[in-house]
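Single-structure report; data block below.
The values are calculated or read from the model by the stated rules, or taken from the named source; none is laboratory data. Because the structure is a prediction, the values reported are computed rather than measured. In this analysis, Cβ positions are derived from the backbone assuming ideal geometry, glycine residues included, and neighbour counts consider all displayed protein chains. We work out accessible area using only protein heavy atoms, side chains counted, and drop any ligands, DNA or RNA first. Shrake-Rupley method; radii C 1.70, N 1.55, O 1.52, S 1.80 Å.
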Amino acid sequence: MKVQNKKIPLGEFMEEREEVLATWPTGKDVDLEDAIDYLKKLPDHKNFAKKLENAKLKGITLAQPRAGVPLVDKHIELLRYLQDEGGADLLPSTIDAYTRQNRYEEGERGIQESARAGRAMMNGFPAVNHGVARCREIVEAVNLPVQARHGTPDSRLLAEIIHAGGWTSNEGGAISYNIPYAKSVPIDRSIKFWQYCDRLVGYYEENGISINREPFGPLTGTLVPPSISNSVAIIEALLAAEQGVKSITVGYGQCGNLNQDVAAIRALESQTKYYLDKFGYDGILITTVFHQWMGGFPADEARAFGVISLGSTAAALAGATKVIVKTPHEAFGIPTKEANASGIKATKMVLNLLAEQRMLNSNALLNEIEIIKAETSCIIDKVIELGGGDLAEGTVKGFEAGVIDIPFAPSKYNAGLMMPARDNEGNIRFLMTGNLPFTKDLKDFNRMKLEERANFEYRDVDFQMTVDDVFAVGKGRLIGRKE
Ligand SMILES: CC[C@H]1O[C@@H](n2cnc3c(N)ncnc32)[C@H](O)[C@@H]1O
């Protein structure tokens, strides 16, 4: 399938909408004129893009949980609790796994079973099955903006329903909701799916409605080097801007070394701006989101709060616009509303204590920013070259060539030739670069940093470092030190 990084012509887009809205009965309730009218009436404090813009202006970091249960009344109860008791600044609706695979029949069954059982029989909120009117009930029941968070390669119908339903942000992207989430969705298909979602946001923007888009930063959430996740975020930001998206939140998942985590956010924000400017997209509101630790969590709740507080510290010192909150139930699964609220409270305690503080520009910080930017530029510039100047085509070719390569990704379209490991301070480095287009200097730098650790631990630089690092945090350490 031919892909092109070009804004979808309105007529072509409207034609495709007919087909998308017909894929499930609730699609027929989406009426763009009615949706624009409804969204125009939403107060600013319920608009995701506006709340992020305000936070960026004030230099504050907002706290947002993940949360989703199958039934509307229970979901409203949950979100109100996280708003009132937890103190959330922004609200999610985490979408269930069936909806993420467009398996709406099972979504329907999941709703019936949850109603019958009196408890959640699915791991999220099936927004497509519930439809526009019920999504609006949620927006009307809370005082905060609502965002769809999920992992859907084909989010076209979901995007139509949630935006018409008053949810003013959608998370995801052609790479970030495909490669880490699906085994066999071709990149060219997910690029087209997400160009549609972004074009829908572009249509709302052309009609005076601000809607935020948030590429999923952490990807597989397992030892992902900052330049890999930053490259993906910037590529998805550029693809979104071409379709008319004006509010973009680029994200990053905490890796654990405080200096590298702050550097990653600083590099991400400035390089996103650099590439958007370079390709002539102006007037874009760029914000950042820091995801608290996405890897294995300690089962002990007190230790879990330690991890949550470290992530909050990194987000605050980095000056991220938003932080995604974990809960003390992370090691077990879907949290209770109480556990979810306590994760937010712990996070906001740290954010408030650090409100007036930022990581200072030390040599270590500036050097790490430069390394991340240099690695990221190598990847993005090569992707554009492979595409003959077209970013969409270059992304397809980039994955085929292993120029973009995400560690531990399930997708069969991911090369899987690169391998990460931590250096002696816990920074994520490249143990193997596979076909990543790094300069010799960058490869030598990464090798040198891993040799420092190997010498310190009297071990070889090898894959065992990676294996030990994968399990370290669950065991209460950052670096998987040789026993
Ligand atoms: C991206 C993965 C993250 O999403 C979290 N998650 C997934 N579904 C839900 C859910 N339904 N409620 C709260 N958190 C959730 C999960 O715990 C993990 O931290």
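A compact table of results
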{"item": "In region 348-365, residue farthest from the chain's Cα centre (by Cα) [restricted to those that are among the small types (Gly, Ala, Ser) and part of a loop (DSSP other than H, G, I, E, B)]", "result": "Ser362"}
{"item": "Pairs with Cβ under 6 Å, 6+ apart, first in region 179-194 and assigned to a helix (DSSP H, G or I), second open to solvent by 20 Å² or more (accessible area, probe 1.4 Å) and not charged (D, E, K, R)", "result": "Ile187/Val396; Ile187/Tyr413; Asp188/Met1; Asp188/Val396"}
{"item": "Criterion violated by Gly306 - all others in (1) within 24 Å of Pro180 (Cβ to Cβ); (2) surrounded by fewer than 19 Cβ atoms within 10 Å (Cβ to Cβ) satisfied", "result": "(1)"}
{"item": "Conditions (1) in contact with a Lys or Arg (Cβ under 9 Å, 6 or more places away or on another chain); (2) crowded, with 18+ Cβ neighbours inside 10 Å; number of the one not met by Glu85", "result": "(2)"}
{"item": "Some residue of region 141-150 being open to solvent by 10 Å² or more (accessible area, probe 1.4 Å) and either in contact with an Asp or Glu (Cβ under 6 Å, 6 or more places away or on another chain) or outside any loop (DSSP other than H, G, I, E, B) (or both)", "result": "yes"}
{"item": "Residue among Asp277, Asp261 that is farther than 30 Å from Leu157 by Cβ and free of Cβ contacts under 8 Å to residues at least 24 places away in the same chain", "result": "Asp277"}
{"item": "Pair list, Cβ under 6 Å, 6 or more apart: region 424-444 residue in contact (Cβ under 8 Å) with a residue 60 or more places away in the chain, other residue β-branched (Val, Ile, Thr) and part of a loop (DSSP other than H, G, I, E, B)", "result": "Gly426/Ile479"}
{"item": "Yes/no for Asn123 being part of a loop (DSSP other than H, G, I, E, B), within 16 Å of the ligand (Cβ to nearest atom), more than 19 Å from Phe48 (Cα to Cα) and touching an Asp or Glu at 6+ places or on another chain (Cβ under 6 Å)", "result": "yes"}
{"item": "Residues located in region 318-337, provided they are buried (at least 19 other Cβ atoms within 10 Å of the Cβ) and over 20 Å from the mean Cα position of the chain (by Cα)", "result": "Pro328, His329, Lys337"}
{"item": "Filter pass, Asp261 being in contact with a strand residue (DSSP E or B) (Cβ under 8 Å, 6 or more places away or on another chain), among the charged types (D, E, K, R), modelled with pLDDT of 95 or more and under 22 Å from Ile380 (Cβ atoms)", "result": "yes"}
{"item": "Residue in region 290-308 that is within 19 Å of Lys7 (Cα to Cα) and within 16 Å of the ligand (Cβ to nearest atom) present", "result": "no"}
{"item": "Helices (runs of 4 or more DSSP H) completely within region 1-102 that count 3 or more residues being away from the ligand (no atom under 14 Å from the Cβ)", "result": "10-21, 32-41, 48-58, 72-84"}
{"item": "Tally, over region 110-133, of residues that are more than 19 Å from Ala97 (Cα to Cα) and buried (at least 17 other Cβ atoms within 10 Å of the Cβ)", "result": "1"}
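Yes/no matrix, rows are residues, columns are (1) at pLDDT 95 or above; (2) polar (S, T, N, Q); (3) on the phi > 0 side of the Ramachandran plot; (4) assigned to a helix (DSSP H, G or I):
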position: Arg213; (1), (2), (3), (4): yes, no, no, no
position: Val224; (1), (2), (3), (4): yes, no, no, no
position: Gly256; (1), (2), (3), (4): yes, no, yes, no
position: Glu269; (1), (2), (3), (4): yes, no, no, yes
